[in-house]
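Everything on this sheet refers to the single structure shown next.
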Amino acid sequence: MRSASGTWAVISDLVADTVAQSSALSRDEAVQAMSAAEAVGRMLIAAGHLRQHPITLVAGKMHCEITTVSGTAALTLEENLNPVPGAAGADDFTIHLPSPAPLQEQVKAAANGHARLSDAVPLAPETKAANSGPLIDREALRRAVTQR
């Protein structure tokens, strides 16, 4: 059990340590981004929003969703505070903050405070992959050639 400030410090370290796995990314930049979001992050934690809406770190192909647990569930759940594998090859990262209705303006202001922060919902990895497919509709091309 931690305070909102203590929980935010742990989340910040987790994000920074995960980003630091990449030689192309700066741990300090992740720390600065999380510092810019600290006030709204503590509000999200204190209001219980991070139990349902994750902070999502996207570093290259790696998507890491960070949520919190409180109450008696926190006593029985084991924390996973190790850096998340998969960011080693990343050359870019974004921290997506959840934007629940009562805190949307505060989240937007925090996201505007650092280039690595966003209040947009991140694309799911499978959506990103689906959108990056070939631009040629082979079936339509095949039909057009067959009709000639």
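The values are calculated or read from the model by the stated rules, or taken from the named source; none is laboratory data. Note that the structure is predicted; figures quoted are calculated from it, not measured. Quick note on the areas: whole protein, heavy atoms, side chains included, nothing else; ligands and nucleic acids left out. Shrake-Rupley method; radii C 1.70, N 1.55, O 1.52, S 1.80 Å.
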With a 1.4 angstrom probe the carbon and sulfur portion of accessible area for the stretch 1-90, in percent, totals 49 percent
Given a 1.4 Å probe, the accessible area of the stretch 53-95 per residue, as a whole number of Å², is 60 Å²
